[in-house]
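Asker: Just dropping this structure here.
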Amino acid sequence: LEDKKMEISVAEAEKRTGKNAVNMQETYTVYLIETRPVDAASEGTNPVLDSLWKRYSEFELLRNYLLVTYPFAVVPPLPEKRAEFVWHKLSADNMDPDFVERRRVGLENFLLRVASHPVLSSDKIFYLFLTEENGWKETVFETGFQAKADSRLKALNATFRVKNPDKRFAEMKHYGDELQSVISQLLRVRARAADRLYGVYKVHGNYGRVFSEWSAIEKEMGDGLQSAGHHMDAYAASVDDILEEEEHYADQLKEYLFYADALRTVCRKHELTQYELEMAVQDLTSKKQQREELATGTIRTFSLKGMTSKLFGQETPEQREAKLKMLETQIEEGEEQVKERNAECDEFVKSAWVDIERFKEQKDHDLRESLISYAIMQISMCKKGIQVWNNAKECFNKM
């Protein structure tokens, strides 16, 4: 999108009901994507706003396409499909308005991440996703990425051992594992704390009730108690907004929980590239060995085939000539293959490492900002608590 600068937002979410592929009624959420070209020429004018609706599954399609097309990139993650690390009061229902709102923010964040990525941002399909309601899907399937995705996935899920793993990538993969583990622990602690905090705040509402009942039996002290009770009620009610805001910070952490996975995927894809290279080299080596055995007539490795040819007479010179010719061709192809695989591997390492470095900088910056904002939020929450007790103290003073 370098030449097409645009503002992107996911402006709203809407519930819809319709028939799905198997003709069943279903309720789903659609998100309104708004884009507006930012053109240097039209600084003064207000360029026209373009808007279209997309479902979550279409965002998934876009991300899967990016994963296959840019295997070396740490592709930004999507917000979660179902709420995880929830504490009891939080609804895990994916139609819950608060959840849908947080997901809207997450989807907007995903689009902005892709749009600010040095490579992904200039992808044609990404541009179509933002500007075409329906046509973009055909185009994305025409790229044939699906078949590539399936074979890639099979390969990635297979167990293969790389002989000489690249230390940098091995360490990075390990770091991805560790980061994921640390962040999920953080999120678990946060959910537990939110649970307790909710209880503590709500229980203050009982102070309010008791003060109110007490005020009814007092003359001079009545007004003060009544007012203090109101402050306690307000305190108890304030926790809902506090925890809603806190959820927003939890989502920023969750983004990095999923980012850790994206990072590990790049490392795993590197292993696969490396493995394919090693297999090609191994194949070539064995072909060369066969050629040598044929040419000199000595068999270095004991084999049943070698045994049988010894027992039942040698092959004719013509047969050997034909075999040698075929091997020569295969060896040429093998050399070519190894050259290609080598280039592929080098290219992958170069591109992936650039993107990993970029990602590390982004991560350090974002997580630092997130933690600072979280601390500021906690401080302001404590200040509000102090204010409530100061107000209550004033009420008691006036009695």
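Asker: Across the chain, how large is the tail of the calculated P(r) beyond 30 Å, expressed as a percent of all Cα pairs? Present the calculation step by step, with values, prior to reporting the outcome.
Answerer: Working: 48523 of 79401 pairs.
Looking at the chain, the distances longer than 30 Å represent 61 percent of pairs.
Asker: Given a 1.4 Å probe and heavy atoms of the protein chains only, how would you sort TRP214, TRP87, TRP353, largest accessible area at the top?
Answerer: Descending accessible area places them as TRP214, TRP353, TRP87.
Asker: Kindly report the accessible area of the chain per residue (heavy atoms of protein chains, probe 1.4 Å, no ligands, DNA or RNA), in Å².
Answerer: 59 Å²
Asker: What percentage of the solvent-accessible surface of the chain, computed with a 1.4 Å probe over protein heavy atoms, is contributed by carbon and sulfur atoms?
Answerer: Answer for the chain: carbon and sulfur cover 54 percent of the accessible area.
Asker: Once every DSSP H run of n ≥ 4 in the chain is given -39500 (n - 2.57) and the sum is divided by its residues, what mean residue ellipticity at 222 nm do you get, rounded to the nearest 500 deg cm²/dmol?
Answerer: On the way: 9 runs with 278 residues, N = 399.
Dividing the helical sum by the residues of the chain leaves -25000 deg cm²/dmol.
Asker: Follow-up. Output the Cα-based Rg and Dmax of segment 1-158 in Å, rounding Rg to one decimal and Dmax to a whole number.
Answerer: That works out to 17.1, 56 Å for Rg and Dmax.
Asker: Can you pull the accessible area of SER121 for me, 1.4 Å probe, Å² to the nearest 10?
Answerer: The accessible area of SER121 comes to roughly 0 Å².
Asker: Does anyone have the angle between helix 167-217 and the longest principal axis of the chain? Alpha-carbon axes, 0 to 90°, nearest 10?
Answerer: For helix 167-217, the angle is close to 20 degrees.
Asker: Shifting gears a bit: For the pair LYS81 and MET326, how long in nm is the line joining their label points, each one 7 Å along Cα→Cβ?
Answerer: It is 4.8 nm.
Asker: Once both axes come from the Cα atoms, what is the angle between helix 222-296 and the longest principal axis of the chain, in degrees from 0 to 90, rounded to 10?
Answerer: Compared with the principal axis, the helix lies near 0 degrees.
The values are calculated or read from the model by the stated rules, or taken from the named source; none is laboratory data. Not measured: the values here are computed from a predicted model. In this analysis, Cβ positions are derived from the backbone assuming ideal geometry, glycine residues included, and neighbour counts consider all displayed protein chains. Please note that ligands, DNA and RNA were not included when accessible areas were found on the heavy atoms of the full protein model with its side chains. Shrake-Rupley method; radii C 1.70, N 1.55, O 1.52, S 1.80 Å.
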